[in-house]
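Student: Pasting in a structure now, in structure tokens, and then I'll have a few things to ask.
The values are calculated or read from the model by the stated rules, or taken from the named source; none is laboratory data. Fair warning: this is a prediction, and the values are worked out from it, not measured in the lab. Reconstructed Cβ throughout: ideal geometry from the backbone, glycine too, with neighbour counts over all protein chains shown.
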Amino acid sequence: MKVNCSICLGGQREGVFVNCPYCDVDRKTFIEASFKTIKVSLKKNLSVAKQNELVKFLNDGSGNSDNL
Ligand SMILES: [Zn+2]
């Protein structure tokens, strides 16, 4: 998973952060989460409909958010 670098705020900070050592040229940095964290996060943040869509997507790849 890639997000804006939290050290240089995606390149917004200046000074020593101009050449930020914590992110790549896109000012993005990888974050990793355990499978358990991802599961908990999905359950907490997704609506039931989205959860069902995710299950469907994982099963046969047919999840379609256009309907939601
Ligand atoms: Zn950075």
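Student: Residues of segment 12-39 being of a type in the set (D, E, K, R), within 18 Å of Met1 (Cα to Cα) and assigned to a loop (DSSP other than H, G, I, E, B), which ones?
Tutor: Within segment 12-39, Asp24, Asp26, Arg27, Glu32 qualify.
Student: Let me ask another. Given Leu42, Leu9, Leu58, which one is of a type in the set (A, V, I, L, M) and in a loop (DSSP other than H, G, I, E, B)?
Tutor: Sole residue among the options that is of a type in the set (A, V, I, L, M) and in a loop (DSSP other than H, G, I, E, B): Leu9.
Student: Restricting attention to segment 6-60, which residues are surrounded by 10 or more Cβ atoms within 10 Å (Cβ to Cβ), of a type in the set (Phe, Trp, Tyr) and modelled with pLDDT of 80 or more?
Tutor: Selection gives Tyr22, Phe57.
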